[in-house]
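Working notes, structure below.
The values are calculated or read from the model by the stated rules, or taken from the named source; none is laboratory data. Since this is a predicted model, take the numbers as computed values, not measurements. When we count neighbours, we look across all protein chains shown, and the Cβ atoms used for this are built from the backbone with ideal geometry, even at glycine.
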Amino acid sequence: MEYSYEKLTDRIYVCASSDHRFGTDAFLLAHFSQYRMKDKVCDLGTGCGIIPLIMQKSKPPQVTYAVDIQEGAIEQLRLGLERSETTGIVPVCADLKVLWDRAPLGQLDLVTCNPPYKVAGAGFESVITAQKIARHEILCDINDVCASAAKLLKFGGRLCLCNRPERLSDVMFAMKSNGIEPKRLRMVSKSPADAPWLFLIEGKKGSKPFMRVEPQLYIRSGDGFSEELQMIYDTGKEEK
């Protein structure tokens, strides 16, 4: 396996590979989650650990459990941590459907997840097993994610997800079925002329029904990034 090290700041590096890499959606989800320093966090299906590592850029949570079922993903996270100056990231190789020994059940403030976007068998499936797992609901589905989050979150704790617009009803149904009420929704488009390609959603455990739909987020402006996307990428960059 060939690894590369992507620099987030002068002190934080992500170990990436063809099996476990990252994209814009990870930055959008980390920003959307509005994590706080006092939070106890779990990132389910963490892959190379990009979301926990993004959270290290500025005012990191007190602890972040980074969970993935694939040993290769957790190994990449550990390699990234070896090159980085971080605090409170705990790699956990485990199946989110059954969680793990000594899991902090009912104790967490925030759960994040960038889940597989496609149902098993839908669309083109990569021949690489790790990529199949990342893209298709082979080892877990959206209900599994919401069920695990419900067990981990304390009352009033938040679950933040991203997914494709065609899965919005599936995600909202899974949240509600597990006692997590959708509270905040934001669509993401490449430009004002394009239909959304992603949504970001926050649910709150035990909350009453009421959802706020936020202004749409645009990725591009002219030939470059929009000001908001550039701000999201830059958030937490260390001052020189």
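Among the residues that make up segment 49-62, is at least one of them surrounded by fewer than 18 Cβ atoms within 10 Å (Cβ to Cβ) and closer than 19 Å to Arg158 by Cα? Yes, some residue in segment 49-62 is surrounded by fewer than 18 Cβ atoms within 10 Å (Cβ to Cβ) and closer than 19 Å to Arg158 by Cα.
Considering only residues in segment 121-165 that are modelled with pLDDT of 70 or more and over 18 Å from the mean Cα position of the chain (by Cα), the one that is farthest from Ser207 (Cα to Cα) turns out to be Lys154. Condition check for Ser58 on (1) modelled with pLDDT of 95 or more; (2) more than 24 Å from Asn143 (Cβ to Cβ); (3) not hydrophobic (A, V, I, L, M, F, W, C): one failure, at (1).
Out of Met175, Met187, Met211, one residue alone is crowded, with 16+ Cβ neighbours inside 10 Å, more than 25 Å from Lys57 (Cα to Cα), at pLDDT 95 or above and in contact with a Pro (Cβ under 9 Å, 6 or more places away or on another chain). It is Met175.
Listed by first and then second residue, the pairs linking a residue in segment 168-187 that is within 19 Å of Pro215 (Cα to Cα) to a residue that is among the polar types (S, T, N, Q), with Cβ atoms under 7 Å apart and 6 or more places separating them unless they lie on different chains, are Lys183/Ser207; Met187/Gln216. Kindly check whether there is at least one residue in segment 42-51 that is farther than 16 Å from Leu200 by Cβ and of a type in the set (Asp, Glu). Scanning segment 42-51, I find no residue that is farther than 16 Å from Leu200 by Cβ and of a type in the set (Asp, Glu), so the answer is no.
Thr86 - would you say it is closer than 17 Å to Leu153 by Cβ, modelled with pLDDT of 95 or more and among the hydroxyl-bearing types (Ser, Thr, Tyr)?
Against the criterion (closer than 17 Å to Leu153 by Cβ, modelled with pLDDT of 95 or more and among the hydroxyl-bearing types (Ser, Thr, Tyr)), Thr86 does not qualify.
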